[in-house]
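Read-outs throughout are calculated quantities, based only on the coordinates presented, and are distinct from any laboratory measurement. The model shown is predicted, which means the values in this text are computed figures rather than measured ones. Here the Cβ is made from the backbone with ideal geometry for all residues, glycine too, and neighbour counts use every protein chain on show.
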Amino acid sequence: MHDKIRRGAAGLAALLLAAPAWAAGAKSEPKVVDPARDWDHLWREVIVDITIIGVLFAIVTAWFIWQARRRPGNEVGASPRLSPASAVGWVVIPIFVFLSIDLYTAANGWVLWNTFRDVPANRLEIKLEAGMYSWDYTYPNGVRTQNQLVVPAGTPVVLRMTSRDTLHSHYIPDFRVKEDSMPGRITYLWFNPTKPGEHVVTCAEYCGVMHGYMAGRIIVKAPEEYAAWMKGEETSLAAASIPAVEPATATKPAKLAAKKT
Ligand SMILES: [Cu+2]
């Protein structure tokens, strides 16, 4: 019997000692920052919260309706009077319970917002000029694409955005990011494409009659495939002898269209 207790105590002590080590180990592992996944997690949390609260309120409301139903002979009920302390308790405790859920969700939202604003250091920087009605991307080496952004899997991508005419909004639903682009200001958004695939880009700000056609694609390639693609682009850029850096002009979209990207 005593042996059992001793073994149990030893086991508990080992667990208590191991827990911080395990937590520290989990922390030191390089964490892949993926705001899209965190966004989904928070969204599910909010849905679960409001479902529980909604069901709870529905049950309580139904119970009150049943309690206060009309009785035969228009009988008037007599409920016990609440003491001032319990009256205050009935108001304050539920408020704090629901407020704490709200504050918890708001705090998580704040943390997530900071993740969306805090661009990782190992990012790929791409310039984006929006215009009626196209997305024009420029890579650090001068390579340009239109309505199609090719990126390597596993590297965070930041877009430094502006617009040559009016307000647009670069929206990538799969990565849960949307940010306005506008003349005279540089805005940014970043996302982390973790695996190869294709994702829709669309304009989320009504910008003119062809707004609905202002769509594009993000093509995520395996790093080696991306490198091969980029090499080809660099070669054709050199062959076309287009200067690497060219000031933005109104004629650019036509030129890019002619390039057939
Ligand atoms: Cu637009």
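Taking amide H as placed 1.01 Å from N in the peptide plane, residue 165 has its amide H under 5 Å from the amide H of 132, each at least 5 places away in sequence or on another chain.
Provide the net charge surrounding residue 159, with neighbours chosen by a C-beta distance below 9 Å and charges set as Lys +1, Arg +1, Asp -1, Glu -1.
Details: positive: 127, 160; negative: 125, 179.
Combined, the nearby Lys, Arg, Asp and Glu give 0.
In terms of surrounding Cβ atoms within a 10 Å radius of their Cβ, 64, 191 rank from fewest to most as 64, 191. The string of couplings for region 50-60 from the Karplus curve (6.51, -1.76, 1.60, θ = phi - 60°) is 6, 5, 4, 4, x, 5, 4, 5, 5, 5, 4 Hz, one whole number per residue in order, with x for Gly and Pro. The residues neighbouring residue 77, those whose beta-carbon lies less than 12 Å from its own, together hold a net charge of +2 under the Lys/Arg +1, Asp/Glu -1 convention. Between amide H atoms placed 1.01 Å from N, distances below 5 Å from residue 217 occur with 148, 149, 201, all of them 5 or more places distant or on a separate chain. As a rough guide to protection, the peptides 195-201, 125-131, 176-182 ranked by mean Cβ packing within 10 Å, highest first, stand as 125-131, 176-182, 195-201.
Sorting the segments 222-229, 87-94, 134-141 by their mean number of nearby beta carbons within 10 angstrom, highest to lowest, gives 134-141, 222-229, 87-94.
The calculated FRET efficiency for residue 174 paired with residue 45, based on their beta-carbon distance and R0 = 25 Å, is about 0.80. Were the residues from residue 104 through residue 200 laid out at 0.36 nm apart, the gain over their Cα-Cα distance would be 31.3 nm. Bridges between two residues of region 124-259, per DSSP, are antiparallel at a rate of about 70%.
Sorted on the mean count of surrounding Cβ atoms within 10 Å across their residues, most packed first, peptides 76-83, 145-152 read 145-152, 76-83.
For residue 181, what is the net charge nearby, where nearby means another residue's Cβ is under 13 Å from its Cβ and Lys, Arg count +1, Asp, Glu -1? Let's see the in-between values first.
Details: positive: 127, 160, 164, 178, 185; negative: 129, 136, 165, 179, 180, 205.
Every neighbour counted, the sum reads -1.
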